[in-house]
Amino acid sequence: MNTKRWSVDKYVDDQGSYPHISQAADLLINNEVVAFPTETVYGLGGNAKNDEAVEKIFAAKGRPSDNPLIIHIAEEEQLNAFVEEIPEKAAQLMKQFWPGPLTLIFKKKEGALSDHATAGLSTVAVRMPDHPVALAIISASGLPIAAPSANRSGRPSPTTAEHVWEDLNGKIAGVVDGGPTGVGVESTVVDCTEFIPVILRPGGVTKEQLEAVIGEVSVDPALVDKGEAPKSPGMKYRHYAPDAPLTLVDGTKEYIQELVNKKKAEGLSVGILTTEENVNFYQADYVIACGKRDDLDSVASSLYDVLRKFNNTNADVLFSEMFPQEGVGHAVMNRLMKAAGHRVINS
Ligand code: TXA
Ligand code: MG
């Protein structure tokens, strides 16, 4: 398949005057799949009502069919067509955080969406992305759009159109390039079918921000204890892993350097994921800065690009510094722990 690529100005104010928006929307209407930017990561969109379109998404990504997709909407009214009810706390969260990096899980109205999109579950995950290009494409299609991250399954999520191209060129109908995404990690997923809503995946909206609006919010035990089975099907898969084995190090930079020296003595090529503050400290084959330690938003926004960069090196082993579990740091550490297969060395 010949994958189209359009470059757009990120700030679309009048969808009618941007031909690439209507071309992308037409492809969606014709049940083709198209990647587009959101404020978190690039999504691979398809008509959520059509089995064939949804199957194309799973096929392009190589995604296991038991992992449901997030449905993207541009207007709240779209929800009524496929959601059974909107609990009060969900309504408050929507008011505060939509459009934005928050996915809410509702009871699904049967028959309104492709069953493949929701992996046959009785619930459905929905979000309204805060990105003018995503909103314009969804609006122009007039459809609920199923959109997982636009990476091959298991790879780091794409934060640029180039990342999408690396993974999916030839496998999808098109990519709309709206420049690098902002948040850099995926949306927070919150199950609103429980009286006390539960965070199933940490992301761009933090627990503290959620609790400020609706009071107590709990966290899926599987996020804390890896022995528990996660409630979100996608969280059980190995994900984001770079090609070389990654280990997180809970220790000083001097300690990390000692670990590097040992590996070098074994003849191995070593990479380190650090931040701008420490990038000149280390002596290793590949030292890559992932944002600034005192600005966790910058770490989140560079993380997947940095994980992908290590794949373009000849590193045999990788070490990463750890980050504080506060604010978006929860999401950063959640993704890093997965990328590391939960390997952590304590000094
Ligand atoms: O920021 C994002 O959320 C990005 C952009 C493109 O919007 N999308 C994204 O989609 O991260 P994906 O498919 O990579 O991750 C969706 C996650 C998976 O962990 C999936 O298992 C979970 O949401 N999920 C979807 N529907 C669910 C449901 N009904 N119950 C529990 N978890 C669900
Ligand atoms: Mg994903």
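The values are calculated or read from the model by the stated rules, or taken from the named source; none is laboratory data. Please read all numbers here as calculations on a predicted model, not as lab measurements. Reconstructed Cβ throughout: ideal geometry from the backbone, glycine too, with neighbour counts over all protein chains shown. Side chains are part of the model used for accessible areas, which takes the heavy atoms of the whole protein and leaves out ligands, DNA and RNA. Shrake-Rupley method; radii C 1.70, N 1.55, O 1.52, S 1.80 Å.
Worth a mention:
- Scan the range 91-130 for residues that are under 19 Å from the mean Cα position of the chain (by Cα), within 24 Å of A60 (Cβ to Cβ), in contact (Cβ under 8 Å) with a residue 60 or more places away in the chain and buried (at least 22 other Cβ atoms within 10 Å of the Cβ) and the total you get is 6.
- Qualifying residue in the range 60-67 (condition: at pLDDT 95 or above, closer than 30 Å to P230 by Cα, outside any helix (DSSP H, G or I) and open to solvent by less than 10 Å² (accessible area, probe 1.4 Å)): no
- Residue within the range 61-68 that is within 14 Å of ligand 2 (Cβ to nearest atom) and within 21 Å of Q209 (Cβ to Cβ) present: no
- In the range 162-196, the residues that are assigned to a loop (DSSP other than H, G, I, E, B), open to solvent by less than 10 Å² (accessible area, probe 1.4 Å), within 24 Å of S22 (Cβ to Cβ) and within 16 Å of ligand 2 (Cβ to nearest atom): I172
- The set of residues in the range 254-277 that are open to solvent by less than 70 Å² (accessible area, probe 1.4 Å) and under 23 Å from A300 (Cβ atoms) comprises I256, G271, I272, L273, T274, T275.
- Pairing each residue of the range 283-304 that is free of Cβ contacts under 8 Å to residues at least 12 places away in the same chain with any residue that is charged (D, E, K, R), provided the two are 6+ apart or on different chains, yields C-beta distances under 7 Å for S298/K292.
- Only listed residue being in a strand (DSSP E or B) and within 16 Å of ligand 2 (Cβ to nearest atom), chosen from T103, T159: T103
- Residue in the range 197-208 that is out of contact with any strand residue (DSSP E or B) (no Cβ under 8 Å at 6 or more places or on another chain) and either modelled with pLDDT under 85 or crowded, with 18+ Cβ neighbours inside 10 Å (or both) present: no
- Any hit, the range 235-256, residues being without any contact (Cβ under 8 Å) to a residue 12 or more places away in the chain, away from ligand 2 (no atom under 16 Å from the Cβ) and in the same structural domain as M322 (by TED's automatic domain parsing): yes
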